[in-house]
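Structure first, commentary second.
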Amino acid sequence: MEDTITANTGPGPLALVGSGEYLPVMADIEAALLAGRPPRYVQLATAAVPDGPSVVERWHNLGREQAQRLGVEAVILSVNDRADADNEAIAQQVAGAGLIYLSGGNPGFLADTLRDTAVWAAIVTAWQDGAALAGCSAGAMAMTSWIPSLRHPRQGGTNGLAVLPHLRVIPHFDFFTSKVPDLVTRFLLPYDPAITVLGIDEETALVGGPKDWTVQGRQSVWRLTAEGREELPAGTVVATAPLP
């Protein structure tokens, strides 16, 4: 990829991805997030920790392979619990990132592990200094302020990391809506007109933020309201500014 690095002022771009992190089909999106930034690709598979070490290692390997395709350095942060997340030596590895990526798994575990820790502080600082920040599936959900429970809707949800407090995200939207008929209702309740609820199809991303975005990838993003859903195909510019 292009090695020219431009000076970045202010926060870097954000990406909310429905699925496909580290796969060749999504390489162009990841390359665009890195363009003009340091060739240092910081990756966290923390959300996959509840699924076991072999699953975490699979994500690590996929991330390394994607970094190799893109011609950049893969920096794997092994953050398995809050002790790791508060480890200053691990947090220091975030410095100089061009792109920081939170991959999929359990969004509640990811948010609870990173919240108010040294690693999360380092990630926010790097993003505010111009690094791109992406979350796929669980990673995308954790970047909002509230994560509804998919398995136990009556038990409410989990506080997210609140990078995007005005959004609520349903990843794998095309897949989940075919399997869980009341999924949209779970994400719309409790209803708040200041919150934009978005469904993001697989191999699709919403890039830009925090208020103005562009749909990229193979499928669509869906804006969801109590009245229904609006399809936003690839190329659509989406405004998600919270209501006053």
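Using Cα pairs under 8 angstrom and six or more residues apart, how large is the relative contact order of the stretch 96-177, in percent?
Relative CO of the stretch 96-177 lands at 32 percent.
Compute a Gaussian network model of the chain, connecting alpha carbons closer than 10 Å, and tell me which residue from 43, 128, 216 fluctuates the most.
Ranking 43, 128, 216 by mean-square fluctuation puts 128 first.
Excluding residue 117 itself, calculate the net charge of residues whose Cβ lies under 15 Å from the Cβ of residue 117, where each Lys or Arg counts +1 and each Asp or Glu counts -1.
Details: positive: 82, 115; negative: 81, 84, 86, 88, 112, 116.
Charge balance in the 15 Å sphere: -4.
Between the stretch 68-94 and the stretch 31-45, how far is it from one alpha carbon centroid to the other, in angstrom?
The stretch 68-94 and the stretch 31-45 have Cα centres separated by 13 Å.
Sketch the reach of a paramagnetic label on residue 212 as a point 7 Å from Cα along Cα-to-Cβ, and name the residues of the stretch 14-33 whose backbone nitrogen lies under 17 Å away.
The answer is 14-15.
What longest region of the chain stays clear of GluC sites (Glu not before Pro) that DSSP places outside H, G, I, E and B and that have at most 15 other Cβ atoms within 10 Å?
Values: sites that count: 2, 227.
Maximal segment without exposed cleavage sites: 3-226.
Quick one: go through the stretch 110-135 and flag any residue whose amide nitrogen is under 20 Å from the point 7 Å out along the Cα-to-Cβ line of residue 92.
117-127
Only bridges whose two residues both fall in the chain count here: according to DSSP, what percent of them are antiparallel, nearest 5?
Around 55 percent of the beta bridges assigned by DSSP in the chain are antiparallel ones.
Report the residue, chosen from 37, 69, 168, that carries the largest GNM mean-square fluctuation when the chain is represented by alpha-carbon nodes joined by springs under 10 Å.
69
Calculated from the structure, semi-axes √(5λ) of the Cα gyration tensor in Å equals which of (1) 32, 21, 18; (2) 36, 22, 14; (3) 26, 20, 17?
(3)
Averaging over all projection directions, find the projected area of the Cα convex hull of the stretch 95-134 and quote it in nm² with one decimal place.
Numbers: hull surface 11.0 nm².
One quarter of the hull surface, i.e. the mean projection, equals 2.8 nm².
Suppose every Lys and Arg Cβ carries +1 and every Asp and Glu Cβ carries -1, with no other charges. What dipole size does the stretch 14-239 come out with about its Cα centre, to the nearest 20 debye?
200
Hey, what did the stretch 14-239 get for relative contact order, percent, Cα under 8 Å, at least 6 apart?
Relative contact order, the stretch 14-239: 21 percent.
Name the shape class, rounded, prolate or oblate, that the alpha-carbon gyration tensor gives for the stretch 11-138, where a ≥ b ≥ c are the square roots of its eigenvalues, rounded holds for a/c under 1.5, and otherwise prolate holds if a/b is larger than b/c and oblate otherwise.
Cα axes put the stretch 11-138 in the oblate bin.
Readers should treat all values here as calculations from the given coordinates under stated rules, not as data from a laboratory. Since the model is a prediction, treat every value here as computed from it, not as a measurement. Virtual Cβ from ideal backbone geometry, glycine too; neighbours counted across all protein chains shown.
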